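First the structure, in the form of structure tokens, and then the observations on it.
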Amino acid sequence: MSISPLHGGLVFQEDLQKPKGGAGVAPATTQKVGGLELNQRDINEFFNPKVSDLPFEDRVQLCLSVGEEVIQESELRQLLASKPLFNCYDGFEPSGRMHIAQGIMKAINVNKITRAGGIFIFWVADWFALLNNKMGGDLEKIQTVGRYFVEVWKAAGMELGNVKFLWAAEEINKRPDEYWQTVIDISRKNNLSRIKRCAQIMGRAEGDDVPAAQVLYPCMQCADIFFLKADICQLGMDQRKVNMLAREYCDAIGQKEKPIIISHHMLSGLKEGQAKMSKSDPDSAIFMEDKEEDVKRKIKKAYCPEKIVEGNPILDYAKSIIFEKWGSFTVKRDAKNGGDVHYPAYADLERDFVQGHLHPGDLKANVADAINKLLMPVREHFESDPYARKLLEQIKQWQVTK
């Protein structure tokens, strides 16, 4: 293995052995994939952080509203009282398609955090995607997908003034001693059993047969939190175990200030019994590039038993996306079915549904229309912006040829 600026430091032996005319390592000057210059657009062009002008309690409630679980509220209050600008972190693996929870729901949550005075740091986990063998372990492809994600969030309404995107490979190589010493120390202070319990963060069960390289993953993700000096970890409930590992590590090294954990809800899959969406099952989720007819078809087929709330993904979409985005929801229906009805809060819609006053068919049709309204700016951006359009075309080509 040798060093390359293009790959954030890594060139593997199999790449060095490829013939010059083949799919080896590209020159380290300007990274191009399919004729597309990836450095053409600054992913942090809108970064201009500002403190919040909201009252203290409003800032607290905005942060709390993001989390299905918050550890701990008292620490959150202390943080917001002492720091007008605080660091909040989330990491994402650029791994192909983006579903609506990563797109719309994430934009909603980020906007809440930044309005509360947070600088939201997106850790573009290119090395992590390599460890998890995303995009065939090709870092050029992984970084292209990372830029695609940024374009989606921009079009989805994410307010980017207080948002900073950092490439993991690039940042780690600026301060490698600090980063890798932390990774090693975390691994020394935990046994293998504790680290394996974090396997869920990679989308894998604890007992799955995985490459030994992926034992590194939880230790690296835990180290990210300290490397980025994150005050808050704002990830999904599926990342809870590694975030708790970071708090446990603070105890092990005698650090009093621990990262606060704000874990957001995991949006349900559209099929019966799916606790979360799956990228490997296209009909289990709405994706950010889905066409209008795709959304209508998927929502129409989705599990939505009459009068049942538990495990109902359509109600979950209404609660977690539509009401979070707009605060209210108007269901349009024929006069013979009761006519239009406006719901100022999700609890009102749920009550009508449970009592049988709102039929699943009417709910589905209106949820599909609302989702399509949210996706329209994204579709328009990838049609009208040449750079964004090329990114999506390239990723789709990789998906077809892989």
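The values are calculated or read from the model by the stated rules, or taken from the named source; none is laboratory data. It should be emphasised that the depicted structure is a prediction, and the values quoted were computed from it without experimental measurement. No Cβ is skipped: glycine too gets one built from the backbone with ideal geometry, and neighbour counts run over all protein chains shown. When the accessible area is computed, the model is the full protein with side chains, heavy atoms only, and any ligands, DNA or RNA have been set aside. Shrake-Rupley method; radii C 1.70, N 1.55, O 1.52, S 1.80 Å.
In this structure, the amide hydrogen of G236, modeled 1.01 Å from its nitrogen in the peptide plane, lies closer than 5 angstrom to those of H264, counting only residues at least 5 positions away or on a different chain.
The value for the stretch 49-185 of Rg(Cα) / (2.2 N^0.38 Å) is 1.14. Cβ-Cβ distance of E178 and D340, R₀ of 60 Å, FRET efficiency by 1/(1 + (r/R0)^6): the value works out to about 0.55. Taking 0.36 nm per residue of sequence separation and removing the Cα-Cα distance, the Q397/I253 pair yields an extension gain of 47.1 nm. For F165, the amide hydrogen comes within under 5 Å of the amide hydrogens of F122, counting only partners 5 or more places away or on other chains and with H modelled in the peptide plane. Seen from V60, the other residues with C-beta closer than 9 Å to its C-beta sum to a net charge of -1, counting Lys and Arg as +1 and Asp and Glu as -1. For the stretch 315-384, the Kirkwood hydrodynamic radius from C-alpha pairs, put into Stokes-Einstein at 10 °C and a viscosity of 1.306 mPa s, yields a diffusion coefficient of 124 µm² per second. Extending 7 Å from Cα along the Cβ direction at K83 and again at E45 yields two label points whose distance is 3.0 nm.
For N87, the residues whose amide H sits under 5 Å from its own are I119, D231, I232, ignoring neighbours fewer than 5 places away on the same chain, with H placed 1.01 Å from N. Straight Cα distances below 12 angstrom link K296 to the aspartates and glutamates D283, D369, with same-chain residues fewer than 8 positions distant left out. Compute the signed sum of charges (Lys and Arg +1, Asp and Glu -1) over the other residues within less than 13 Å, Cβ to Cβ, of H342. Net of charged neighbours comes to -1.
Full extension of the chain between D53 and S328 gives 96.5 nm of extra length, using 0.36 nm per residue less the Cα-Cα distance. Taken one residue at a time, the phi angles of the stretch 180-188 give Karplus couplings (6.51, -1.76, 1.60, θ = phi - 60°) of 6, 5, 5, 4, 5, 5, 4, 5, 6 Hz. Gly and Pro are set to x. Taking only protein heavy atoms and a 1.4 Å probe, the accessible area of the stretch 78-148 is 48% carbon and sulfur. How large, in percent, is the carbon and sulfur part of the accessible surface of the stretch 253-343 at a probe radius of 1.4 Å? Whole-percent figure for carbon plus sulfur exposure: 47.
Compute the FRET efficiency between H357 and L64 as 1/(1 + (r/R0)^6), taking r as their Cβ-Cβ distance and R0 = 35 Å, and round to the nearest 0.05. It comes to 0.65. Taking every protein chain into account, the accessible area of the stretch 56-137 amounts to 32 square angstrom per residue (probe 1.4 Å).
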